[in-house]
Structures are given as C-alpha cells and as structure tokens.
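Novice: Dumping the structure here so I can ask a few things about it.
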Amino acid sequence: KVDLCKKKFKMDECIDYKTCPDLSALKAALKAVAPEGIDMFYDNVGGMHFEAAMDALRPHGRIAICGGISGYNEAKKPTPFYPMDLIYGFKRVEGFMALPWLTGKKG
C-alpha cells in the first residue's frame, strides 16, 4: 500500500502503521518523514493515530475525521484531547460523513 500511495497517487510520504506497535513508534515515524510537522490528516481510525497526528500538526493544520474504528467497542474514550492545542495552533478538526454526497445533497 505504501508503494501504491507514493507511486500511483504521488503522495510525498506514507507510513505503514503495522510497523508502529505503539504511540511513540508512530510519532517517531511521523517525525522521520515530516520533521517540520504535517499540514493535513484524514482520520477514520482514531486512537493513537489521531493523537500522533495532533502532536505533529503544524499551525493552521487541519484534520478531517470520518470515523474512529479503534475505539468503537471501547467503554472508555480512547484518545486524550486537549482543546488548547487547537486554539493556540490555529488548528482545525472537522467531522464529516459521506452520506450528504451519496444522497446528492452536497457535491
């Protein structure tokens, strides 16, 4: 999948999450490919993926969220969230669903 993303879809970098067993490994992998941070992250997993992205997100960066499969069956919320990171970094997190586009109400 990494080769597909980089060669066919022309992404600058791609991380195979299966090589990152925990949050610190994922943060290190992000830091290696984006030492200055990231501008955008699309999330449908949540958990450590969201947390690593929030830590790497540059000022004025944005995150699009359409799911959180890592925590669907958890009784406790899986991701610690500190809203001040959004305020002082001018960052934006927005949730969305595909339904409006699928039903023709958008797009």
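Novice: Report, ordered by the first and then the second residue, all pairs with beta carbons closer than 9 Å, sequence separation of six or more or different chains, a first member in the stretch 22-50 that is without any contact (Cβ under 8 Å) to a residue 40 or more places away in the chain and over 19 Å from LYS91 (Cβ atoms), and a second member that is assigned to a helix (DSSP H, G or I) and hydroxyl-bearing (Ser, Thr, Tyr).
Specialist: Listed pairs, sorted by first residue: ALA25/THR19; ALA29/TYR17; ALA29/THR19.
Novice: Still on this model: Out of the residues in the stretch 78-107 meeting the condition of being under 16 Å from LEU57 (Cβ atoms) and of a type in the set (Phe, Trp, Tyr), tell me which one is modelled with the highest pLDDT.
Specialist: Among those that are under 16 Å from LEU57 (Cβ atoms) and of a type in the set (Phe, Trp, Tyr), it is PHE90.
The values are calculated or read from the model by the stated rules, or taken from the named source; none is laboratory data. Predicted, not measured: the structure shown is a model, and the values here were computed from it. Cβ sites come from the backbone with ideal geometry, for glycine too, and all protein chains shown count toward neighbours.
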